[in-house]
1. Name the residues in segment 17-38 that are surrounded by fewer than 13 Cβ atoms within 10 Å (Cβ to Cβ) and not in a loop (DSSP other than H, G, I, E, B), would you?
2. Can you tell me which residues in segment 43-57 are assigned to a helix (DSSP H, G or I) and either closer than 17 Å to A29 by Cα or among the polar types (S, T, N, Q) (or both)?
3. Tell me, yes or no, whether segment 28-39 has at least one residue that is over 17 Å from D9 (Cα atoms), at pLDDT 95 or above and among the aromatic types (F, W, Y).
4. Testing P76 on (1) closer than 20 Å to P21 by Cα; (2) modelled with pLDDT under 95, one condition comes back false. Which one is that?
5. Tally the residues that are surrounded by 15 or more Cβ atoms within 10 Å (Cβ to Cβ) and under 16 Å from I5 (Cα atoms), restricting the search to segment 39-58.
6. Being outside any helix (DSSP H, G or I) and among the small types (G, A, S) is the filter here, so list the residues in segment 1-16 that pass it.
Amino acid sequence: MLRPIALTDEQLSAVMAAAQPLALADRSAFLQDVAAALAMLPTIGDGVVNRVVREVQSKYFRPELDPPSYRGRWAPR
């Protein structure tokens, strides 16, 4: 069982914002992995939270190959 971790409002906001671009199916696992990584550290500061979030997010982030905002923009006319 994980030990409780204490995050500031800003740190929690950063974690939740990092979960937003992930697929809905991956968000829970992402949050659990972030919590597990943070629980293993002796102190938790803003830089540590950002580093852990970046490392864990890279495991789950899968950018769409053809985002809707680009469709048709470069198509031949």
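1. Hits for segment 17-38 are A17, L24, A25, S28, Q32.
2. We begin by selecting, within segment 43-57, every residue assigned to a helix (DSSP H, G or I); these are 46-57.
Hits for segment 43-57 are V49, N50, V52, V53, R54, E55, V56, Q57.
3. The answer is yes, given that some residue of segment 28-39 is over 17 Å from D9 (Cα atoms), at pLDDT 95 or above and among the aromatic types (F, W, Y).
4. Checking P76 against (1) closer than 20 Å to P21 by Cα; (2) modelled with pLDDT under 95, the one that fails is (1).
5. In the first step, residues of segment 39-58 are kept if they are surrounded by 15 or more Cβ atoms within 10 Å (Cβ to Cβ); the result is 44, 48-49, 52-53, 56-57.
Now drop any that are not under 16 Å from I5 (Cα atoms), which leaves 44, 48-49, 52-53.
Qualifying residue count, segment 39-58: 5.
6. Looking only at segment 1-16, we keep the residues that are outside any helix (DSSP H, G or I), and these are 1-8.
Passing the criteria: only A6.
The values are calculated or read from the model by the stated rules, or taken from the named source; none is laboratory data. Nothing here was measured: the structure is a model prediction, and the numbers come from that model. Every residue, glycine among them, receives a Cβ derived from its backbone with ideal geometry; neighbour counts consider all protein chains shown.
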